[in-house]
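The structure under discussion appears below in the form of structure tokens.
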Amino acid sequence: MDCVDRHARRLEELRRAVFEGDGVTDREVRVAAAAGTSVTEPVRGYAAKVCEASYRVTDEDIEGLKTDGMDEEAVFEITVAAALGAALHRFEAGLRAVSE
């Protein structure tokens, strides 16, 4: 656990930057994209794809979001939030498994 403790401050800084920092998307949307909840389509489907199978994200997915009115910065923010949410979920599950 020393490794986790050693990086806890940086991890918290990353969480704050992604979920609480200024951006072109609302903070609530980034948090919801990370959790996979309460996000409207097409963001919900895209965020779920990033969380569950990011290797399947295609240029068409990005173009679909842009066609629906999102700019590249918004797509980037949603992508980062969803990916970080998935990573944190897996990280926390790993910590629980190790501690049991």
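See the values below:
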quantity: Check on residue 18, of a type in the set (A, V, I, L, M), assigned to a helix (DSSP H, G or I), in contact (Cβ under 8 Å) with a residue 60 or more places away in the chain and open to solvent by less than 40 Å² (accessible area, probe 1.4 Å); calculated: yes
quantity: Count of region 46-79 residues which are of a type in the set (A, V, I, L, M) and outside any helix (DSSP H, G or I); calculated: 2
quantity: Search result, residues across region 79-100 that are of a type outside the set (Gly, Ala, Ser) and over 14 Å from residue 52 (Cα atoms); calculated: 91, 92, 95, 96, 98, 100
quantity: Residue ID - farthest from residue 68 (Cα to Cα), chosen from residues in region 19-40 that are touching a helix residue (DSSP H, G or I) at 6+ places or on another chain (Cβ under 7 Å) and of a type outside the set (A, V, I, L, M); calculated: 20
quantity: Where a residue in region 66-81 is farther than 19 Å from residue 35 by Cβ and touching a residue at least 24 places away in the same chain (Cβ under 8 Å) and its partner, wherever it lies, is of a type in the set (Asp, Glu) and open to solvent by 80 Å² or more (accessible area, probe 1.4 Å), with Cβ under 9 Å and at least six apart; calculated: 68/41
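The values are calculated or read from the model by the stated rules, or taken from the named source; none is laboratory data. What you are looking at is a predicted structure, and each value in this text was computed from that prediction instead of being measured. Counting neighbours? That spans all protein chains shown, and the Cβs are built from the backbone with ideal geometry, glycine included. Just the protein is used for accessible areas: all its heavy atoms, side chains included, with ligands, DNA and RNA removed. Shrake-Rupley method; radii C 1.70, N 1.55, O 1.52, S 1.80 Å.
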